[in-house]
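Enquirer: Encoded as structure tokens, here's the structure I'll be asking about.
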Amino acid sequence: MVSDSQIAQAAKVLRAGGLVAFPTETVYGLGASALDERAVARVFEVKGRPRFDPLIVHVASVDWVARLATDFPAEAQELARRFWPGPLTLVLSKTPVISDLVTAGCPTVALRIPDHPVALNLLRTVDLPIAAPSANLFGRISPTTAAHVGEQLGDQIDMILDGGPCRVGVESTVLQLGPGGPVLLRPGGTTLEEIEAVIGPVRLPAVDAKGEQGAGALASPGMLPQHYAPRTRLIVKTRDEGSAGEHEQRPAGRIGLLAFHTVPRAEDYARIEVLSPTGDLREATANFFAALRRLDKAGLDLIVAETFPEAGLGRALNDRLRRAAGT
Ligand code: TXA
Ligand code: MG
């Protein structure tokens, strides 16, 4: 799908300070050279992203860590050995090679090696660290296909590499490692259970019902309560609450349902997206953002989204749902 000559062209664009959207196993990224402040500034501009929200830096190999981080703690090394390339981002204390613009003034840098042949080929070819947030407008639904990127950013960026749909479908897990021990800053494609099996207990910043981090929690600057949002109003309900309207006044208008697997009262909904008929969280995750986009385009008055079991990938999906609802 992506030829070597397209990769070579993309690397050239990145070296010249351009912006290239590329596939990763999680979501599409909007890449710029992490060593080029003007290019990084353009990423913030094009996305409409506030400057206080730091970017993840993507690298081709673990050798880059020594240049970009002052310290590579033993736990981080173990996690890197086990999960890289893969959907895990490690937040480490940064060297001056990475500018404050990339890290939004944080003394730390978020690093990951993506597990996608196109991303890896690009990173090896360009031989630079690439800062890449998800390739969507700030606060909106993350892109899992090249077409999603094109719809929102097509006319503002230099190139889109089309590697087909993303395999994982939610962003990487962001884990801070430092003197205070490991802290989960964002649940994502690598599960908490998988991480804890390698390094033992991980602290979860207290998240209150509004999705805001409680006092004393280590801040991840970009984790805002409203994010990943469709334009249509979205409410979240737990699976066993019954259909929309059993416990409250049935909302008026055309209602869409984002369902994990089975649908008890299909007749209540104008449009239904079933994420995994067999109830497989991995499949549900891969379909999640695309299904949410389809509902958002269906001319509905309300999207009702079902929660997932709060374990494994379900944690990441529930986090995205809470933020999509802005609750
Ligand atoms: O899967 C992913 O991680 C995708 C693909 C493209 O790699 N990227 C992605 O980037 O999701 P973005 O910009 O949408 O999310 C980056 C988030 C920030 O909002 C913040 O929560 C966290 O990562 N982050 C980045 N740098 C950080 C730092 N130095 N300290 C704490 N959190 C950081
Ligand atoms: Mg994002």
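Enquirer: Counting just the residues of the range 116-135 that are more than 13 Å from the chain's Cα centre (by Cα) and under 23 Å from Arg320 (Cβ atoms), which one comes out most open to solvent (accessible area, probe 1.4 Å)?
Expert: For the range 116-135, the residue satisfying everything is His116.
Enquirer: Next question. More than 25 Å from Thr144 (Cβ to Cβ), among the small types (Gly, Ala, Ser) and open to solvent by 40 Å² or more (accessible area, probe 1.4 Å): does that describe Gly105? Break it down into steps so the answer makes sense when it comes.
Expert: Values: more than 25 Å from Thr144 (Cβ to Cβ): yes; among the small types (Gly, Ala, Ser): yes; open to solvent by 40 Å² or more (accessible area, probe 1.4 Å): yes.
Yes.
Enquirer: Select, from Leu68, Leu88, Leu92, Leu14, the only residue that is touching a Gly at 6+ places or on another chain (Cβ under 7 Å) and aliphatic (A, V, I, L, M).
Expert: Among Leu68, Leu88, Leu92, Leu14, only Leu14 is touching a Gly at 6+ places or on another chain (Cβ under 7 Å) and aliphatic (A, V, I, L, M).
Enquirer: For Ala119, only one of the following conditions fails: (1) within 11 Å of ligand 1 (Cβ to nearest atom); (2) aliphatic (A, V, I, L, M); (3) not in a helix (DSSP H, G or I). What is its number?
Expert: The number of the failed condition is (3).
Enquirer: Can you give me the number of residues within the range 76-92 that are surrounded by fewer than 18 Cβ atoms within 10 Å (Cβ to Cβ) and either among the aliphatic types (A, V, I, L, M) or more than 21 Å from the chain's Cα centre (by Cα) (or both)? Lay out the reasoning, then the answer.
Expert: Pass one, the range 76-92, residues surrounded by fewer than 18 Cβ atoms within 10 Å (Cβ to Cβ): 77-78, 81-82.
Next, only the ones that are either among the aliphatic types (A, V, I, L, M) or more than 21 Å from the chain's Cα centre (by Cα) (or both) stay: 77-78, 81.
Adding up the residues that qualify gives 3.
Enquirer: So, one more: Could you please find all residues in the range 287-327 being over 20 Å from His148 (Cα atoms) and part of a loop (DSSP other than H, G, I, E, B)?
Expert: Asp301, Thr307, Phe308, Pro309, Glu310, Ala311, Gly312, Gly326, Thr327
Enquirer: Further, regarding this structure: Within the range 151-172, is there a residue that is over 13 Å from Phe22 (Cβ atoms), in contact with a Ser or Thr (Cβ under 7 Å, 6 or more places away or on another chain) and of a type in the set (Val, Ile, Thr)? Outline the logic, then answer.
Expert: In the first step, residues of the range 151-172 are kept if they are over 13 Å from Phe22 (Cβ atoms); the result is 151-152, 154-156, 165, 167-172.
Still in the list and also in contact with a Ser or Thr (Cβ under 7 Å, 6 or more places away or on another chain): 165, 168-172.
Subset that is of a type in the set (Val, Ile, Thr): 168, 170.
Yes, some residue in the range 151-172 is over 13 Å from Phe22 (Cβ atoms), in contact with a Ser or Thr (Cβ under 7 Å, 6 or more places away or on another chain) and of a type in the set (Val, Ile, Thr).
Enquirer: Condition test on Ile113, is it open to solvent by 30 Å² or more (accessible area, probe 1.4 Å) and away from ligand 2 (no atom under 16 Å from the Cβ)? I'd like the intermediate steps shown before the answer.
Expert: Details: open to solvent by 30 Å² or more (accessible area, probe 1.4 Å): no; away from ligand 2 (no atom under 16 Å from the Cβ): yes.
Taking the combined requirement at face value, the residue does not satisfy it.
Enquirer: Cβ contacts < 8 Å: first residue among the aliphatic types (A, V, I, L, M), restricted to the range 309-327; second residue part of a helix (DSSP H, G or I) and open to solvent by less than 10 Å² (accessible area, probe 1.4 Å), any location; separation 6+ or different chain. Result?
Expert: Listed pairs, sorted by first residue: Leu313/Ala284; Leu313/Thr285; Ala316/Thr285; Leu317/Ala284; Leu317/Thr285; Leu317/Phe288; Ala324/Leu292.
Each row is one residue, and each column tells you yes or no for (1) away from ligand 2 (no atom under 14 Å from the Cβ); (2) closer than 17 Å to Leu317 by Cβ; (3) not small (Gly, Ala, Ser).
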| position | (1), (2), (3) |
| --- | --- |
| Asp127 | yes, no, yes |
| Pro133 | no, no, yes |
| Leu175 | yes, no, yes |
| Gly180 | yes, no, no |
| Thr190 | yes, yes, yes |
| Glu193 | yes, yes, yes |
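Enquirer: Which ones in the range 62-90 are touching a helix residue (DSSP H, G or I) at 6+ places or on another chain (Cβ under 8 Å), in contact (Cβ under 8 Å) with a residue 24 or more places away in the chain and not in a helix (DSSP H, G or I)?
Expert: Within the range 62-90, Trp84, Pro85, Leu88, Leu90 meet the criteria.
Enquirer: Can I ask one more? Restricting the range 136-149 to residues that are within 17 Å of Ala324 (Cα to Cα) and small (Gly, Ala, Ser), which is nearest to ligand 1 (Cβ to nearest atom)?
Expert: Ser142
Enquirer: Look at Val109 and say whether it is touching a Ser or Thr at 6+ places or on another chain (Cβ under 9 Å) and either within 15 Å of Ala34 (Cα to Cα) or outside the structural domain of Phe138 (by TED's automatic domain parsing) (or both).
Expert: Yes; evaluated as a whole, the condition is true for this residue.
The values are calculated or read from the model by the stated rules, or taken from the named source; none is laboratory data. Nothing here was measured: the structure is a model prediction, and the numbers come from that model. For neighbour counting, all protein chains shown are included, and Cβ atoms are generated from backbone atoms with ideal geometry for every residue, glycine included. SASA here: full protein model, heavy atoms, side chains in, ligands and nucleic acids out. Shrake-Rupley method; radii C 1.70, N 1.55, O 1.52, S 1.80 Å.
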